[in-house]
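Before any comments, here is the structure.
The values are calculated or read from the model by the stated rules, or taken from the named source; none is laboratory data. Only a predicted model underlies this, so the values are computations on that prediction, with no experimental measurement involved. Every residue, glycine among them, receives a Cβ derived from its backbone with ideal geometry; neighbour counts consider all protein chains shown. When the accessible area is computed, the model is the full protein with side chains, heavy atoms only, and any ligands, DNA or RNA have been set aside. Shrake-Rupley method; radii C 1.70, N 1.55, O 1.52, S 1.80 Å.
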Amino acid sequence: MLRRAGMYILLTAIALAFVGPFLILLSSGLKPADQAVFSFPPDIIPRPPVLTWVKEAWTAIPFPRYLLNSVIYVGLMVPAYVVVSALCAYPLAQMRFRGRNVLFFAILSTMFLPAEVMLIPRFLVVSQLGLADTFAGVILPGLLSAFGIFLLRQTFAAIPREVVDAARTDGCHELRIFWHVMLPAARPTLAILGIFGFISVWNSFLWPLVVLKDSANYPIALGIAYLAGITGTDVRSLAAGTIISMIPVVVVFMLLQRHVLEGMRGAVKG
Amino acid sequence: MATTGLPGQRWYTPYLFSLPALVLFGVFFAWPAVTAIQLSFLKYDVVSPPVFVGMGNFTRMLGDERFWTSMLNSALFLVGMFPLLVVVPLLLAVLVNQKLPGIRTFRMLYYLPVVTSMVAVGVAWEYVFHQQGVLNWMLTTVGLLDQPIQYLLDSFWALPALVLVEGWKSMGFYMMIYLAGLQTIPAGLYEAAKVDGAGPWVRLRHITVPLMMPYIAVAITVEMLDAMQSFTSIYVMTGGGPQDATLTLGYYIWSSAFQRYEMGYASAMGLVLWALMIGLAFLNHRISKGRVVA
């Protein structure tokens, strides 16, 4: 009994180390102007909590616009990358064709091209295509995901050949097999890819930073960095803005945490 | 081909399916990769036409003090993040692998920084590191510090502070890698060891660690690639300063390309970074393989 209580105290102390910085942020963003943000000893509880700083962050930068941008990026990128991954994974898993190994290694090689190395040439390519500073320039380079393709390939490969061949001899078009046999069977994997995609697009920073000059197209993470860089931003309003930017992704994670954590485990095993 | 003649599949069907991925690969990976190699031999500032400089960019690196500073700092990131991402998460995984009510909630809380943006994490830690912040209060209260430190403005402390933040953000991810591994170890092994009188440390040392070796190898590889790519925390928290104390290779590449528009030089450094990462991944593969055989 005592051992178990000790275990919970240890687990809680560690949890506090992981959540603490966010709690400090939350408390700073809610404190009234006459309460110190920093003090010895720390004064964590806002007295009383106020929304002044949320309002200030909301107007100091085009906050709603950035949130909308991020929603658009997620809404376009996540379905598109899942579809591209699934389309590419199906023949890799269930068809024999010349060049299959070449395709496989080409996809694999993308995992070994670090972001910093690709940044410059990709920026030049995107500029040459006339896509610099556009939504398309942010979106298109992010649609090829080796992680997505390999996870789906593994899922599709687990579907028995006989099921696919039966559908084929019944005269099913390949596209119909893909749609009516493959995709429904891969639903859990698709959900995992959707959640991971949402998290990564919502948090995306480096590529948008490079490709966007016009701040009107910023996703929210870039908007927060922009807010942090404006001299004279109150520490309370920066805290409030940062907390708001975190809410969607934290809520989605908490609601779907079982899928995220199980999915991670599945990906490691694969 | 065996499947020709079946309705619905022609020889080109598989290629049609993979066409979107192939086009994206060609335009956003293959073409830029070739461009990167070309650029490394050019002097190019985006405005004036590129000039061929041969090995000029590479010889310039040899004499560039900031390049060597950035290499050293990247190496310090790599070494500093090792205990945080390879060792500590294994202990965390053992901790959250216990069958206790509510253990899933703890796993979720430990994973929370992983799903949060690095920008938000960087901002949050600036509050922790503040001169009058929680960290200074704790350290001065227990007597480890006489004077509060401005961690991010101190050329000694800024780099360890960023390593701590980067490590803290990703620990949950590595914990889950290890958790996947731990759940493949049969519980019977631990029971048998307990019967033989082995304590928790002995069990960790002689059962968990040896059986987890493949997962540790994965964690080391991912850690090295992660550490070499640290960027956002630096951008948000220090901008490479103070006095280049947190200038990593990745940050130097970005800054050379997009603040000073030295596209050729930055690309050449990019190739060096790329070669280093491939080399490290390969080295680790060789070492971990050797260990499994031994």
Is one or more of the residues making up region A:35-56 acidic (Asp, Glu) and within 12 Å of chain B (Cβ to nearest Cβ)?
yes
From the list B:ALA30, B:ALA21, which one is open to solvent by 30 Å² or more (accessible area, probe 1.4 Å), part of a helix (DSSP H, G or I) and not assigned by TED's automatic domain parsing to the domain that holds B:MET263?
B:ALA30
Show me the helices (runs of 4 or more DSSP H) entirely contained within region A:146-185 in which 2 or more residues are over 25 Å from the mean Cα position of the chain (by Cα).
A:161-169, A:174-177
Would you check which residues across region B:47-64 are touching a residue at least 24 places away in the same chain (Cβ under 8 Å), open to solvent by 20 Å² or more (accessible area, probe 1.4 Å) and closer than 16 Å to B:ALA268 by Cβ and list them?
B:PRO50, B:VAL53, B:PHE58, B:ARG60
I'd like the residue in region B:84-106 that is touching a residue at least 24 places away in the same chain (Cβ under 8 Å), part of a helix (DSSP H, G or I) and open to solvent by 20 Å² or more (accessible area, probe 1.4 Å) and, out of all such residues, is nearest to the other protein chains (Cβ to nearest Cβ).
B:VAL88
Within the set of pairs 6+ apart or on separate chains, which have a first residue in region A:190-204 that is within 12 Å of chain B (Cβ to nearest Cβ), a second that is of a type in the set (S, T, N, Q) and part of a helix (DSSP H, G or I), and C-beta atoms under 6 Å apart?
A:TRP202/A:SER70
Any chance region B:115-125 includes a residue that's assigned by TED's automatic domain parsing to the domain that holds B:ALA158, of a type in the set (Ser, Thr, Tyr) and open to solvent by 60 Å² or more (accessible area, probe 1.4 Å)?
no
Hey, could you check region A:108-132 for residues that are facing chain B (nearest Cβ under 7 Å), in a helix (DSSP H, G or I) and open to solvent by less than 20 Å² (accessible area, probe 1.4 Å) and say which is nearest to B:SER18 (Cα to Cα)?
A:THR110
Before we move on, is A:ALA221 open to solvent by less than 10 Å² (accessible area, probe 1.4 Å), within 11 Å of chain B (Cβ to nearest Cβ) and either touching a helix residue (DSSP H, G or I) at 6+ places or on another chain (Cβ under 7 Å) or modelled with pLDDT under 90 (or both)?
yes
B:ASP244: farther than 24 Å from B:LEU62 by Cβ and of a type in the set (Asp, Glu), yes or no?
no
Could you please find all residues in region B:246-265 being buried (at least 20 other Cβ atoms within 10 Å of the Cβ) and either more than 14 Å from A:PRO114 (Cα to Cα) or more than 9 Å from chain A (Cβ to nearest Cβ) (or both)?
B:THR246, B:LEU247, B:THR248, B:TYR252, B:SER256, B:ALA257, B:GLU262, B:MET263, B:GLY264, B:TYR265
The number of residues in region B:114-133 that are under 22 Å from the mean Cα position of the chain (by Cα), part of a helix (DSSP H, G or I) and at the interface with chain A (Cβ under 7 Å from one of its Cβ atoms) is 7
